[in-house]
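The values are calculated or read from the model by the stated rules, or taken from the named source; none is laboratory data. Remember, predicted model here, so these are calculated numbers, not experimental data. Here Cβ is always computed from backbone atoms with ideal geometry, including for glycine, and neighbour counts include all displayed protein chains. Note: areas computed on protein heavy atoms with side chains; ligands, DNA, RNA excluded. Shrake-Rupley method; radii C 1.70, N 1.55, O 1.52, S 1.80 Å.
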Amino acid sequence: MSLLRTGSAIAAAAPKVAPSPSAGAHTHLIGCCGSGMKGLADLLHGWGLPLSGSDCAAPPESLRTLIRRGFDFREGHAAENLPPQAQRVIRSLAIGADNPEIQAAVSRGLEQLTYGQMVGRLMSERVGVCIAGTHGKSTTTAMTACVLSDCGFNPSAIFGADLCRTGTSSWAGAGDLFVVESCEFQRNFLDYHPRYAAILSVEPDHFDCYRSREELIAAFGAFAAQVDPSGFILTRIDDPAAMEATQAATAPVLTFGWNPEADWWAGDVRRTANGSRFRLFRRGQFVTELQVPVPGRHNILNALAAAAIALELGAAPRDVRASLPEFPGIRRRFENLGSWRGVTVIDDYAHHPTAVEATLQTARELFGRRTLRVAFQPHQVTRTAALFEDFRRAFHRADEVIVAPVFAARESVGNEPVELAAALATGIREHGVSAQACMSLDHVVRVLDDALQPGDVLITMGAGDIDRIHHALTRRISRDSAAGRTAGSLHMVEGGWTGPILSYSA
């Protein structure tokens, strides 16, 4: 039986919920500057909850906007940051039990939830649409949420990266659907019990959480088993591990991919100036033609999954067709930051060999034979060591790779970040690509300042703080301008705006 249904049927089947869950409960967020927590703060504020929060980091722009709208933010961590009226504490997973605000909450007997537990509670009051997978989940979640919004479903949403145009990563909608990026790290996605879900891919990644491929697949299987039998789960037909995980599902399993045997598949792909066009088929029947405004074959699959979910939920093909070309993209996913001294600057979050290869393939498709230089910051010593051979081969489309020290997130390390970066640079050279290791990000900037030539393409790549590189280059230009050289225009993206932000020396 077809799962396609009308939007009105979905609305009738889903329970109506109050726009403000747990109304009146003052909530304090500890570690509120992280990508997930700041999105949660914006979401809860949109539903009208009184909020406060703290973090050691300075608030990002999206949180500064929330502060201007009344969010009570305290920089640093101290017991006195916990307001007297607080009734509930939500903490980032980066916050330990020794945090003074956590200890103050314990002494006062306040309810404590992790980010995932709170999102799971919100989902229990709504109709969950979860997007999981090793690759593509942030983009696909954002695409799905944007398409459903444009198609009139008015969903709530939260995902792990900011939309390029708005700088937002969440919003509170008045409809029943709640679209959530669902991460496998520490099995966080097991806090969620959605009615609809997608598993985009399953690959070994979080080596500090999963000791084997079998353990990883079992976790995804447990997630699949939590999808409501009245809904569906969408999975990629040509990903064996994802298909294996969905065997645990009691909900109907739908497939997507390039294979015409899939329930939803893409054919007749053509490149456009900024992305791709493709024809969408469902079980051999042509549905519509879609345009994706972000480049790369991987983004065709992301758009295919988002469109399939929306159409299964009852969206009209014409509405999906009109929505997708307006998708703005998300920050740090092949984000074009503009040009600097005639160099095209791209920033990307890729920190897994599969993602690195996809990003560089996209760059070659767009930029042809232009010199492609990559400033790569590996993420985690455990991941880099476990996937070392794959990383060595992943850069074969680049002309030069500058390897920064490993960003050792959640790890206690000595000199391993520098030593592993040096070993990786050697391994990349052994595969025929020019590569060198640097001792710091400042060292990376100096190397780039000497090496980059007009017409080059620079990709800053990694999940740590490698995105600071373009800010450092901007400051360097500013110093050169002050020295009295010939000024020109620098065009880069700052906070999602494309235009000249300062003068620079050519």
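State yes or no: is Arg108 of a type in the set (Lys, Arg) and either within 30 Å of Val356 (Cβ to Cβ) or modelled with pLDDT under 95 (or both)? For Arg108, the condition - of a type in the set (Lys, Arg) and either within 30 Å of Val356 (Cβ to Cβ) or modelled with pLDDT under 95 (or both) - is not met.
If you filter region 1-48 down to residues that are in a loop (DSSP other than H, G, I, E, B), open to solvent by less than 40 Å² (accessible area, probe 1.4 Å) and not small (Gly, Ala, Ser), you find that the one that is modelled with the lowest pLDDT is Leu3.
Within the option set Asp208, Asp268, being farther than 28 Å from His193 by Cβ and surrounded by fewer than 17 Cβ atoms within 10 Å (Cβ to Cβ) holds for one residue only, Asp268.
Does at least one position in region 306-315 carry a residue that is open to solvent by 30 Å² or more (accessible area, probe 1.4 Å) and either of a type outside the set (Gly, Ala, Ser) or at positive phi (or both)? No, that holds for no residue. Selection within region 380-421: residues that are in a loop (DSSP other than H, G, I, E, B), at pLDDT 95 or above and open to solvent by 30 Å² or more (accessible area, probe 1.4 Å). The member of this set that is nearest to Leu441 (Cα to Cα) is Asp399. Note on region 422-472: residues that are surrounded by fewer than 15 Cβ atoms within 10 Å (Cβ to Cβ), in contact (Cβ under 8 Å) with a residue 40 or more places away in the chain and within 20 Å of Gln361 (Cβ to Cβ) total 0.
Kindly list, by first and then second residue, each pair from a residue in region 23-47 that is in contact (Cβ under 8 Å) with a residue 12 or more places away in the chain and among the acidic types (Asp, Glu) to a residue that is assigned to a strand (DSSP E or B) and open to solvent by 10 Å² or more (accessible area, probe 1.4 Å), limited to pairs with Cβ atoms under 8 Å and residues at least 6 apart or on different chains. Within 8 Å, the pairs are Asp42/Trp171. In this structure, does Gly136 turn out to be within 25 Å of Leu200 (Cβ to Cβ) and open to solvent by less than 10 Å² (accessible area, probe 1.4 Å)? Judged against the criteria, Gly136 is not a match. Looking at Ser230, Ser169, just one residue is of a type in the set (Ser, Thr, Tyr) and open to solvent by less than 10 Å² (accessible area, probe 1.4 Å), and that residue is Ser169.
Every test in (1) over 23 Å from Thr168 (Cα atoms); (2) surrounded by 15 or more Cβ atoms within 10 Å (Cβ to Cβ); (3) not aromatic (Phe, Trp, Tyr) is passed by Arg74 save one, and that test is (1).
Identify, from the list Ala262, Ala242, Ala248, the residue that is in contact (Cβ under 8 Å) with a residue 24 or more places away in the chain, open to solvent by 30 Å² or more (accessible area, probe 1.4 Å) and within 25 Å of Leu216 (Cβ to Cβ).
Details: Ala262 fails: open to solvent by 30 Å² or more (accessible area, probe 1.4 Å); Ala242 fails: open to solvent by 30 Å² or more (accessible area, probe 1.4 Å).
Only one candidate passes the filter, namely Ala248.
Pairing each residue of region 63-89 that is within 17 Å of Leu44 (Cα to Cα) with any residue that is open to solvent by 50 Å² or more (accessible area, probe 1.4 Å) and hydrophobic (A, V, I, L, M, F, W, C), provided the two are 6+ apart or on different chains, yields C-beta distances under 6 Å for Phe73/Ile67. Right, Ala218: under 20 Å from the mean Cα position of the chain (by Cα) and either closer than 23 Å to Ile233 by Cβ or open to solvent by 40 Å² or more (accessible area, probe 1.4 Å) (or both) or not? So Ala218 does not fit the description; no.
Do we find that Gly427 is over 23 Å from Thr382 (Cα atoms) and out of contact with any strand residue (DSSP E or B) (no Cβ under 7 Å at 6 or more places or on another chain) in this structure? For Gly427, the condition - over 23 Å from Thr382 (Cα atoms) and out of contact with any strand residue (DSSP E or B) (no Cβ under 7 Å at 6 or more places or on another chain) - is not met.
Restricted to region 207-266, and to residues there that are assigned to a helix (DSSP H, G or I) and touching a strand residue (DSSP E or B) at 6+ places or on another chain (Cβ under 7 Å), the residue that is farthest from Met123 (Cα to Cα) is Met243.
Restricting to region 317-347, name every residue that is of a type in the set (Gly, Ala, Ser), open to solvent by 30 Å² or more (accessible area, probe 1.4 Å) and farther than 30 Å from Gln285 by Cβ. Correct list: Ser339, Gly342.
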